[in-house]
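S.K.: Let me give you the structure first, and then I'll get to my questions.
What follows is calculated from the coordinates using simple rules that are stated; it is not laboratory data. Keep in mind the model is a prediction, meaning the values are calculated, not measured. Backbone-built Cβ (ideal geometry, glycine too); neighbour counts: all protein chains shown.
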Amino acid sequence: MTYYHSDFKWCIDNDFQVYVKPISHSFQFKIAIRKGGISTNGKDYIYCKDKNMNIYSHEKLGNVTYKNQKLAIEALPSAYKYLRDTYG
């Protein structure tokens, strides 16, 4: 559990928003990763008055399709670890 928490915290500290997203018009799910998602509150972009500029984020869907939400949620810790191992 310690590694899970540590990887999760690393994702937040490095502006990765990781979440489960339903695939439209189906009962299947994928893991979505949004780089810049923390700064933009999960939106594609926001205007930052302090910096007088837009801040952008980009969503990428994972390759694996899960049959239900529970299976996708159970896979989140491995996504956190993957991000930390790849970009950390």
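S.K.: Does residue 67 satisfy the condition of being farther than 23 Å from residue 8 by Cβ and out of contact with any helix residue (DSSP H, G or I) (no Cβ under 9 Å at 6 or more places or on another chain)? Break it down stepwise before answering.
M.R.: Numbers: farther than 23 Å from residue 8 by Cβ: yes; out of contact with any helix residue (DSSP H, G or I) (no Cβ under 9 Å at 6 or more places or on another chain): yes.
Here the answer is yes, as residue 67 does meet what is asked.
S.K.: If I filter segment 26-67 down to residues being touching a residue at least 40 places away in the same chain (Cβ under 8 Å) and under 12 Å from the mean Cα position of the chain (by Cα), which single residue comes out as surrounded by the most Cβ atoms within 10 Å (Cβ to Cβ)?
M.R.: Looking at residues that are touching a residue at least 40 places away in the same chain (Cβ under 8 Å) and under 12 Å from the mean Cα position of the chain (by Cα), I get 31.
S.K.: Select the strands (runs of 3 or more DSSP E) contained entirely in segment 27-88, then report the ones holding at least 3 residues which are of a type outside the set (A, V, I, L, M, F, W, C). Break it down into steps so the answer makes sense when it comes.
M.R.: On the way: elements: 29-35, 45-48, 53-56, 58-61.
Strands (runs of 3 or more DSSP E) meeting the threshold: 29-35, 58-61.
S.K.: Pick from segment 8-25 the residues that are among the charged types (D, E, K, R) and farther than 22 Å from residue 65 by Cα: which of them is surrounded by the most Cβ atoms within 10 Å (Cβ to Cβ)? Spell out how you get there, then give the answer.
M.R.: Of segment 8-25, the ones among the charged types (D, E, K, R) are 9, 13, 15, 21.
Checking the rest, the ones that are also farther than 22 Å from residue 65 by Cα come to 9, 13, 15.
Numbers: 9: 12, 13: 10, 15: 15.
Of everything passing the filter in segment 8-25, 15 is surrounded by the most Cβ atoms within 10 Å (Cβ to Cβ).
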